[in-house]
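Working notes, structure below.
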């Protein structure tokens, strides 16, 4: 289902174009607007795949409305509708339009153009592929597109023309500064959108240099964050346990942090396979792939990962390096693993109900699975609700509950830090956004009551 915005000041022409579009296809949703102000309101409120824009507005310079929309939304294709194409066509195309049709227009030709451009507006969504890998692929293919990059850190845009990154935007940033922010994000979702060419060429640096610099900055930031975290928290004694004959608490797809003695930076990897008591198979960190640096068999590395809010680490030897069909490292199975608890506060297993409210006012029955003075883990079960809430990272929630054996009704507010959906419902990790003495005392008394840290 594609959505078209029609911008036309003459109401009879607006109604005519709306009727034509609606009759021509059941897969088109048509939204009308008669001026630029209304158009911007619509574009901010909903997903628009294509704009049909008149070139004739009273008391307006030629194609000004069209040009302003093209500049503000370079990832949405625009078709100009003109009374005088001989006068308007050149202006419309230079202002960012893909095509210009004259009134009365050939309905068949216009419909064909609408179908093609609405399809090109959003050609797909990619998840699980790093931004730098997608950009390298588009460079090889000479693609032109806008990449809408979304992660827990925010959203931004990378503009690609004939395979070259020409600009990027993130908040108030643009150019290389914005690009380095976006290239450093993890777990991104990328929408592949149209690009009308209406962006200045602020970036001329070759792609490989951009990626290398982005990785360097990310590694520096990770190192800085790690140093800051170490300075703030007291040292905790590591515990260790033998894993001989045991399966590590690792699942396929588990993110890993890898440390090489030859590098100061921490690198990212992922577990893709395991044979207990024999070997682990992990992805080669992108640093080596991008730079073309070789990884040698026999090298010892340190592997870190988190599980159930505990930090685990072990030392392992690389027994084999694979570069085809995928870049993989095969590690010897560790004999000993070290771990310590990374929770900021004592947390207790729990099982008591609460009422969860989302920002849109919807309420759901939920159950606490564990709780501390700083946060909690909740479970919303489908059987107890008509549906489960639509949850996103950083979303605000409010909770109403009464702690067992204490009887105090608590109203809590929190921010979603993580969530996981399954067939039964959704598990939500919440960090409390406010701290009240009554709240802390109640939870501390509850933890003491059940005698769990």
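The peptide list 257-266, 111-120, 68-77, put in order of mean Cβ contacts within 10 Å with the highest first, becomes 68-77, 111-120, 257-266. Exposure proxy shown here: for 132, 278, the number of other Cβ atoms within 10 Å sets the order, fewest to most, as 278, 132. One decimal place: the segment residue 177-residue 400 gains 76.0 nm when fully extended, by the rule 0.36 nm per residue minus the C-alpha distance.
Applying 1/(1 + (r/R0)^6) with R0 = 30 Å to the Cβ-Cβ distance of residue 431 and residue 279 gives a FRET efficiency near 0.20.
Net length available on complete extension from residue 418 to residue 297 is 39.9 nm, with 0.36 nm assigned per residue and the Cα-Cα distance removed. Between residue 186 and residue 93, the contour length at 0.36 nm per residue exceeds the alpha carbon distance by 29.7 nm. Which FRET efficiency value, to the nearest 0.05, is calculated for residue 251 and residue 319 with the Förster distance at 22 angstrom and r the Cβ-Cβ distance? It comes out at approximately 0.50.
We did not get these values from a lab; they are worked out from the coordinates using the rules stated. Please read all numbers here as calculations on a predicted model, not as lab measurements. As a convention, Cβ positions derive from the backbone with ideal geometry for all residues, glycine included, and neighbour counts pool all protein chains shown.
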